[in-house]
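Data first, discussion second: the structure below is written as structure tokens.
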Amino acid sequence: SAQDIEALKEWMEPIAQSVGAKGLVTDDADGFKTVADKVGVQHQVCKAHVKRNTEELIERYQPLVATDADGSLQAIGLSKEQAEADLKRLGELIKSRQREQASELEAMHRRYLQAVPPKEGEHQSLAYRLRLLFLDRWNLWNRLTRYRSWKGPKGETLDGTNNACERAIGWWIKERY
């Protein structure tokens, strides 16, 4: 919510300023994306979180795509085979995470543009859910692949995960409690 984002910003901005942060590495929560932009730091989304989330979505959608469960793929002129190939390729892209692959995600998203949003009270069609999935990953791509080219002022690099932060939180909790 807007309140949560504002609270995150109020918490994060003074820390980022006091340490001279140039970048922020977080999980895939949308609020962090907005806050990073507002605070003015480059943002890397944890590649492990995105990979795991994407693989879960692919696994959930594969059986539905295999049967075109609601007929929405056919309704927009896409074959089940094309949708299956798109999901398979998305899984490969999420593992390789090359910056130049963004155009492939854009092409996938554009194949599903004819899938219409649901009317009030209706569920999203399978084709529309795929449209949103490919759009989300395409929009996320720069934040997901930033670690490949980011260099700090002293040559620092990112590993592309927020594991160090999670380990530090775990250590802090263990020491405190």
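The values are calculated or read from the model by the stated rules, or taken from the named source; none is laboratory data. Owing to the predicted nature of the structure, the values given are computational and were not obtained by experimental measurement. Note that we place each Cβ from the backbone using ideal geometry, even for glycine, and neighbour counts take in every protein chain shown. Keep in mind that these areas ignore ligands, DNA and RNA; they rest on the heavy atoms of the full protein, side chains included. Shrake-Rupley method; radii C 1.70, N 1.55, O 1.52, S 1.80 Å.
Each residue of the chain gets 156 Å³ once the volume of the Cα convex hull is shared out per residue.
Where only DSSP H runs of four or more residues are counted, the chain gives -21000 deg cm²/dmol as its mean residue ellipticity at 222 nm, each run worth -39500 (n - 2.57). Split the accessible area of the chain by element, probe 1.4 Å, and carbon with sulfur accounts for 50%. Using the Cβ of residue 138 as centre and a radius below 10 Å, the other residues enclosed give a net charge of -1, where K and R count +1 and D and E count -1. Sparsely packed loop sites in region 39-145 (the GluC sites (Glu not before Pro) outside DSSP H, G, I, E and B with at most 12 other Cβ atoms within 10 Å) comprise 120, 122. Between 0 and 90 degrees, rounded to the nearest ten: what's the tilt of helix 102-111 against the longest Cα principal axis of the chain? Once rounded, the angle reads 30 degrees.
Report the one residue of 124, 58, 157 whose Cα lies farthest in the direction of the positive end of the charge dipole of the chain (charges on C-beta: Lys and Arg +1, Asp and Glu -1; origin at the Cα centre). Going by the charge dipole, the pick is 157. Using only side-chain charges placed at the Cβ, +1 for Lys and Arg and -1 for Asp and Glu, the dipole size of the chain relative to its Cα centre rounds to 660 debye.
Could you work out the longest stretch of the chain that avoids the trypsin sites (Lys or Arg not before Pro) located in DSSP loops with at most 11 other Cβ atoms within 10 Å? Value returned for the longest uninterrupted segment is 1-118. Ignoring lysines fewer than eight residues from residue 95 along the same chain, the ones with Cα atoms less than 28 angstrom from its Cα are 22, 33, 47, 51, 80, 151.
Any idea how far the Cα center of region 63-126 sits from the one of region 130-147, in Å? Spelled out, the Cα-based centre of one part sits 13 Å from the other.
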